[in-house]
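The structure appears right after this line, and notes come after that.
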Amino acid sequence: MTRSASTRPPHAESHPVLEQAKALIKTGASKQAADLLLTHVASIPRQPGAHLLCHAALALRYEDRVSAIACAEAAHERMPDLARPLALMATLYEDARRRKDAMPALLQARQAKASPFELTDIGRQLSRMGDHRNALDAVKEGYRQSGQALGLASYALRVALQCADWDFVEQLTRQLLLAHQQGETEAATETPRTHALWCDDEAINIAVASNFARKAFPSQKPMATQAHADAAGRKLRIGYLSYDYREHATSLLAMGALRHHDRDRFELYGYCTSFDDGSAMRRDILSRFDKVRSLANLKDEAAAKKIFEDRIDVLIDLNGLTEGTRLGILAWKPAPVQISYLGFPGTSGGRFMDYVIADGYTVPEGGESLYPEKLIRLPHTYQVNDYIARYLPPPPRRRPDGLPEGALVLGVFNNINKVSRDVWRAWMKILSSVPEAVLWLLEPGEVARDFLRKEIEACGVEPSRVVFAPKCRQELHLARMRLCDLMLDPWPYGGHTTTSDALFAGVPVVTLEGRNFASRVSGGLLHAAGLQGLVQKDTNAYVQCCVSLLRDPKRLMALKQHLVRQRRQLPVFDAVGRTMYLEAAYTAAHERAVKGLAPDHLWVRPRRAPPQPVTAKP
């Protein structure tokens with residue numbers, strides 16, 4: 001099934017002035033395009049004028065936010081019964097951090113006249129704002145009205161996953177999988193992050209990501225065509241580009257490297273594309289750079305020019321194809337070496353990206369043949385976990401409400417969108433086999449709770465044995481993790497920072513081996529912690545491993561003591577060593593560029609042997 005005309009982005013009808021404006025936008029002249037549309041709109045009927053005002057708002061979105069909002073509001077005044085201006089107003093309000101204005105606009109858009117595409121997109125926005133019940137209703141209605149169009153399946157899937165509506169999830173993923181098998185990956189229009197939540201076929205993952213990146217971020221004329229001539233006479237300049245310099249998991253991980261870089265050899269530039277959330281983490285991470293540049297309000301070419309003018313030798317993109325990505329900046333190739341690291345577990349689509357950083361477990365030998373970029377493999381694990389520099393708080397003196405005294409606690413602190421029906425049923429089997437155990441699940445929201453309760457009852461488990469944990473600050477989260485006896489990892493997109501947190505808290509994690517980058521991160525972390533015996537081949541082995549450990553408290557305690565007592569010796573927590581490996585990788589990639597050599601796969605060799613495994617088996 002291909003994307004039908006009824007599900008194309010709305011109001012794509014041809015108009016001479018609109019075509020002129022689009023041509024200007026392609027050249028980067030968004031302000032001129034908006035002026036052209038605004039001048040023309042006064043002389044045309046109300047509805048076409050409203051559509052042109054929407055295009056003007058989009059053109060001005062990054063150039064002049066105030067004028068963009070004014071255009072969207074003017075479009076709404078012209079056609080108050082249309083959903084499109086209202087949905088655009090909500091987007092622009094959110095850009096401006098005006099969330100109190102965004103939600104009423106979205107709810108009004110939900111009641112206005114909308115195409116199937118608009119309904120589905122309104123649902124996506126409502127989900128982002130936390131109104132999951134209205135979001136699910138909107139995407140279901142839009143998908144139904146479109147005749148179950150393939151082009152809307154991925155939009156609907158994102159919301160369905162967040163709501164744990166697994167009947168709808170399975171319907172959508174069947175459709176999407178069939179499309180990929182029939183060569184319709186481009187027509188499926190999946191976003192890489194949502195796709196990775198359900199599909200563990202690395203070849204399909206890479207095809208989806210590459211297709212998305214190619215359409216969203218076309219290659220531009222490169223600015224840095226060779227290594228900078230003056231690099232030999234100064235420190236190597238490393239630039240880190242991120243939307244997540246705030247209270248965010250990526251910043252937690254990146255902090256490890258930034259704390260330990262060799263400042264005698266490297267000069268660090270931080271390129272920030274995000275908003276200021278006022279957090280201590282933001283202040284801390286930005287203080288680690290020698291120079292900080294804000295690129296948040298610059299268009300891609302202007303931002304790239306700033307990076308190029310800084311004569312950066314190696315530019316690290318900490319986002320990849322995740323929310324807030326500014327891959328369009330890297331499309332201009334502002335640095336001679338460009339590397340994707342940490343933010344997204346997989347490809348960024350190659351072309352202007354030279355390398356992806358992984359390790360020998362997340363992408364086993366031979367897997368590099370699928371990647372459009374070259375791979376840099378670090379020893380043990382690609383993550384830098386600087387937990388040794390952090391305080392591990394004691395567990396709470398009192399158990400949280402709903403967590404029974406004396407019960408064995410199985411922790412799951414991943415987002416509910418990583419959990420499928422197959423994963424849930426495996427967890428229910430564990431509860432059925434160990435009656436004294438409870439599942440402690442990160443609060444998924446009211447809509448997801450309703451669906452989960454039905455699944456719990458269908459599996460014959462007492463609902464009170466699933467306890468929900470509210471979201472909380474990182475320090476409190478680490479403290480409560482210590483109440484867990486065992487952590488359960490979902491699949492195919494397993495825990496990343498969540499698994500690292502658990503290991504630091506001294507709690508073993510059971511995971512599946514996995515078939516792609518996203519599904520193998522937990523396994524790589526467990527190998528680096530000497531706990532490779534907790535990495536299981538299949539679902540049956542996963543369930544049996546968990547049940548066996550819960551029935552053998554001595555073995556379970558031995559695993560916990562290993563994590564606590566060996567913390568300073570385990571590679572998974574060796575931030576200083578891992579930073580040295582990163583620096584070796586950056587240097588090797590730079591040296592190839594200096595010699596005029598094309599990027600090539602790089603293995604960074606370990607300084608010491610991997611940790612001796614601690615068995616999880618009798």
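General observations
- Formal net charge of residues neighbouring ARG61 (Cβ-Cβ distance under 12 Å; K, R +1; D, E -1): -1
- Model label zone, GLU184; criterion: amide N under 17 Å from point 7 Å along Cα-to-beta-carbon; scope region 90-124: 117
- Gain upon complete extension [LEU370, LYS471; 0.36 nm per residue less C-alpha separation]: 32.6 nm
- Spin-label model, ARG234 to ARG133: label points 7 Å out along the Cα-to-beta-carbon direction sit 5.8 nm apart.
- Checking (i) 40, 28, 24; (ii) 40, 33, 21; (iii) 39, 33, 27 against semi-axes √(5λ) of the Cα gyration tensor in Å calculated from these atoms, the matching label is (ii).
- Between LYS454 and LYS221, the contour length at 0.36 nm per residue exceeds the Cα-Cα span by 78.4 nm.
- Charge context of ARG449, other residues only, Cβ under 11 angstrom, K/R +1, D/E -1: -2
- You can think of it this way: the chain between ARG607 and ALA42 has 196.4 nm of extra reach, that is 0.36 nm per residue less the Cα-Cα gap.
- Leading residue at positive end of dipole, region 425-546 (Cβ point charges), from LEU525, PHE504, PHE451: LEU525
- Sparse packing (at most 11 other Cβ atoms within 10 Å of the Cβ) combined with a DSSP loop state is found for the following trypsin sites (Lys or Arg not before Pro) in region 431-475: LYS471, ARG473.
- Of the GluC sites (Glu not before Pro) in region 317-416, the ones in a loop by DSSP (not H, G, I, E or B) with at most 13 other beta carbons within 10 Å are GLU323, GLU365, GLU405.
- Top positive-direction residue, dipole computed over the chain with Cβ charges, set GLY406, GLN220, CYS472: GLY406
- Debye, to nearest 20: dipole size of region 400-528, +1 on Lys, Arg Cβ, -1 on Asp, Glu Cβ: 340 debye
- Seen from PRO553, the other residues with C-beta closer than 13 Å to its C-beta sum to a net charge of +1, counting Lys and Arg as +1 and Asp and Glu as -1.
- Taking every C-alpha pair closer than 8 Å and separated by at least 6 residues, the mean separation divided by the residue count of the chain gives a relative contact order of 12 percent.
- DSSP bridge analysis restricted to the chain gives an antiparallel fraction near 0%, rounded to the nearest 5.
- The charge dipole of the chain, taken about its Cα centre with unit charges on the Cβ of Lys, Arg, Asp and Glu (plus for the first two, minus for the last two), comes to roughly 1140 debye.
- Top positive-direction residue, dipole computed over region 338-464 with Cβ charges, set ILE357, SER340, VAL438: VAL438
- Packing, as the average of other Cβ atoms within 10 Å across residues, places the peptides 397-404, 111-118, 202-209 in the order 202-209, 111-118, 397-404, highest first.
- FRET efficiency, 1/(1 + (r/R0)^6) with R0 60 Å, evaluated for ARG515 and SER287 via beta carbons: 0.90
- Residue pairs, from the table LYS299/LYS595; LYS235/LYS306; LYS299/LYS374; LYS235/LYS333; LYS418/LYS454, whose Cα atoms sit over 24 Å apart: LYS299/LYS595; LYS299/LYS374
Coordinate-derived values only; no laboratory data. All values reported here derive from a predicted model rather than from experimental measurement. Cβ sites come from the backbone with ideal geometry, for glycine too, and all protein chains shown count toward neighbours.
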